[in-house]
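Asker: Quick one: structure below, then a few questions.
The values are calculated or read from the model by the stated rules, or taken from the named source; none is laboratory data. As the structure is a prediction and not an experimental result, all values here were calculated from the model. Methodologically, a virtual Cβ is constructed for each residue, glycine included, from the backbone with ideal geometry; neighbour enumeration extends over all protein chains shown.
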Amino acid sequence: MTGIAAADAKTAGAAGPGAAKSNARQEEDLLLEHQLCFALTVAARSVVGAYKPVLEKLNLTHPQYLVMLCLWEDSPRTVRNISEALAQEPATISPLLRRLEAAELITRRRADGNERALAVELTSKGAALRQQALQVPGTMMERLGLTREQVTELHASMMGLIAATSQ
């Protein structure tokens with residue numbers, strides 16, 4: 001225990017056992033291993049890393065996979081619509097779209113009725129890739145040792161955190 005922590009513990013002890021417990025809990029709350037932000041950062045990096053070999057078979061990076069998921073749900077979509085769905089800035093999405101277009105998975109063109117908007121649409125090759133991608137969720141559940149129910153619970157928890165931090 002550091003000198004400051006020891007002094008704080010003595011002061012808390014003088015205030016009574018309830019204060020000592022409260023102070024000890026506060027001290028413990030500051031441990032790296034108890035930090036939610038740390039656990040989320042490492043988990044996110046680890047899970048995205050686990051996707052890498054699975055997505056390599058599709059010749060996609062994880063960010064490209066997310067864009068393709070958006071387009072498999074609904075195509076065509078505007079760049080703004082994709083960026084909103086992925087909670088990313090349009091400037092972050094644009095380089096991904098260029099690479100997907102170079103791979104002949106999507107096309108980009110001006111949106112009908114709005115010259116300023118860019119419409120993104122799947123090519124037949126991009127649409128066909130969806131069939132191979134159907135294997136990704138099951139493969140990832142197996143790799144991570146999770147059941148569908150556990151994935152659903154984790155997803156609900158993460159979406160709750162996203163909602164709480166978006167207010």
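Quick grid of which residues meet (1) over 22 Å from ALA44 (Cα atoms); (2) of a type in the set (D, E, K, R); (3) surrounded by fewer than 16 Cβ atoms within 10 Å (Cβ to Cβ):
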| residue | (1), (2), (3) |
| --- | --- |
| LEU66 | no, no, no |
| ARG80 | yes, yes, yes |
| ASN114 | yes, no, yes |
| ARG130 | yes, yes, yes |
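Asker: Which residues, counting only those in the range 130-147, are under 22 Å from GLY49 (Cβ atoms) and in a helix (DSSP H, G or I)?
Answerer: Matches in the range 130-147: GLN132, ALA133, VAL136, PRO137, GLY138, THR139, MET140, MET141, GLU142, ARG143, LEU144.
Condition check ((1) modelled with pLDDT under 95; (2) charged (D, E, K, R); (3) under 20 Å from VAL48 (Cβ atoms); (4) surrounded by 14 or more Cβ atoms within 10 Å (Cβ to Cβ)) across all residues:
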position	(1), (2), (3), (4)
GLU104	no, yes, no, no
ALA119	yes, no, no, yes
ALA127	no, no, no, yes
SER157	no, no, yes, no
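Asker: Further question: Could you list, ordered by first residue, the pairs with Cβ atoms under 8 Å in which the first is in the range 132-150 and more than 17 Å from SER46 (Cα to Cα) and the second is at pLDDT 95 or above and surrounded by fewer than 13 Cβ atoms within 10 Å (Cβ to Cβ), at least 6 apart or interchain?
Answerer: Qualifying pairs under 8 Å: GLN132/LYS57.
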